[in-house]
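FYI, it's all coordinate maths here, none of it is from the lab. Treat the numbers as computed from the prediction; the structure is a model and nothing was measured. Virtual Cβ from ideal backbone geometry, glycine too; neighbours counted across all protein chains shown.
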Amino acid sequence: MIRLGMLDFDTSHVVAFAERLLHKNVPMDQWVDGAQIVVGCAGDSKISPERIPGYVEAIKKLGIPLVDKPEEMIGKVDGMLIESQEGGAHLERAKPFLEKGIPCYIDKPFTCSTADAKKIFELAQANKTTVFSSSSLRYTPELVKFAADESKGKIHGVVAYGPCPLFDANPKLNSGLFHYGIHAVEILYTLMGPGCQRVTNTHEKGVDVVTGNWADGRVATVRGIRAGKSDYGALVFTDKGVVPLSLSTKYIYTELLKKIVTMFKDKKAPVDNAVTLEIVAFIEAANKSGNNHGSVEMLQV
């Protein structure tokens, strides 16, 4: 059984992951085998510090022991779940574990800059360990099934959409696109694959509309929604037709956890590091464009 530690309790993922791995408070079809969370550290948060006490109590009820400092988990775990909602904090939080050769799953957003993303990958490589980050929406059963279906032919473009709220507490650390907006970005990349060269972003109070141009001439769009009802999904333009995809969130944590456990077991990230880095660069360029009246911005990978 793989022993996991969990750090930073400012997200619902903390409880959702723990329940599925421990087979508690969720139906059997949501159970995930192969790993256990054996220790946790509540940490701190600049985004949602008010959430931490409630999640601490929930984790205690699940019987998971807690330590006061992250480094106290070293020696007790085979892998780490870095759960902070602050992408800007992830390099600092993951560094002590990566330096000890401990593989890490780093929750969304992976980082809020390509510079931090590169440093994390370099740390992992230097210490011969593995890093994995992904939105849970990448593994929605409907999306996985559609992406694998060869009968659709080539995908020529996508309009992916999802919620994209702004967080006034730390807009520099987590813009809307880096926060919940990353789910729509990962839906886009799951369908389009890597290769985006430049983006433009129309940023308004109620929306971010980011258009990316791929090296092979394809064009795709992310609509990050802040006004009106939001949901997750995509409109996909293929050889065989225009396909609307509505995505359910029922099994997203379960399916993501299966990939996480496999990563710790096989020591191989399910998403290539180069793709994860490009996703960060995509959002970074989109933010720059949105802050500059929709200027064309090249991805700096």
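For Gln197, list long-range residues whose amide hydrogen, built 1.01 Å from N in the peptide plane, is under 5 Å from its own amide hydrogen.
Placed amide hydrogens put Asn213, Trp214, Ala215 under 5 Å from Gln197.
For region 194-223 and region 132-158, write down the distance between their C-alpha centroids in whole Å.
The distance from the Cα centre of region 194-223 to that of region 132-158 comes to 18 Å.
Spin-label point model (7 Å from Cα, Cβ direction): what's the Asp44 to Asp78 distance in nm?
Computed distance between label sites Asp44 and Asp78 equals 3.3 nm.
Amide H neighbours of Thr238 under 5 Å, counting only residues 5+ apart in sequence or on other chains, H built in-plane at 1.01 Å?
His156, Val243
Using a Förster distance of 25 angstrom, determine the FRET efficiency expected from the C-beta separation of Ser151 and Asp216, and round it to 0.05.
Values: r = 21 Å, r/R0 = 0.85.
That pair, Ser151 with Asp216, gives E of 0.75.
So, in nm, how far is label Gln36 from label Glu142 when the simple model puts each one 7 Å beyond its Cα toward the Cβ?
Distance between the two pseudo-spin positions: 3.7 nm.
Enumerate the amide H contacts of Phe167 below 5 Å, restricted to partners 5 or more residues apart or on another chain; note that Pro and chain-start residues carry no placed amide H.
So Phe167 has HN proximity to Gly176.
Going by how many other Cβ atoms sit within 10 Å of their own, how do Ser230, Ser134, Ser246 line up, fewest first?
On the way: Ser230 16, Ser134 25, Ser246 10.
Exposure proxy ranking, most exposed first: Ser246, Ser230, Ser134.
Pairs Lys46/Lys259; Lys61/Lys145; Lys100/Lys267; Lys128/Lys259; Lys258/Lys288; Lys118/Lys205: which are spaced more than 25 Å apart, C-alpha to C-alpha?
Lys46/Lys259; Lys61/Lys145; Lys258/Lys288; Lys118/Lys205
Rounded to the nearest 20 debye, what is the charge dipole size of the chain about its Cα centre when +1 sits on each Lys and Arg Cβ and -1 on each Asp and Glu Cβ?
Using Cβ point charges on Lys, Arg, Asp and Glu, the chain gives about 320 debye.
Regarding region 2-136, what's the average projected area of the Cα-atom convex hull, expressed in nm²?
Result: 7.6 nm².
In what order do Met1, Met298, Met192 fall by count of nearby beta-carbon atoms within 10 Å, going from fewest to most? Let's see the in-between values first.
On the way: Met1 9, Met298 13, Met192 21.
Fewest-to-most Cβ neighbours within 10 Å comes out as Met1, Met298, Met192.
So which aspartates and glutamates pass the test for Lys265, namely a Cα distance under 17 Å, with those fewer than 8 places away in the same chain ruled out?
Leaving aside aspartates and glutamates fewer than 8 places away in the same chain, those within reach of Lys265 are Asp33, Asp78, Glu255.
So which trypsin sites (Lys or Arg not before Pro) in region 1-66 end up in coil per DSSP with only 16 or fewer other C-beta atoms within 10 Å?
Those satisfying the criteria are Lys24, Lys46.
For the chain, just the Cα atoms, rotate onto the principal axes and tell me the three extents in Å, largest first.
50, 40, 40
Roughly speaking, what is the stretch gain from Lys265 to Asn292, that is 0.36 nm per residue apart minus the C-alpha to C-alpha distance, in nm to one decimal?
Working: separation 27, 0.36 × 27 = 9.72 nm, distance 4.42 nm.
Going from the current span to full extension adds 5.3 nm.
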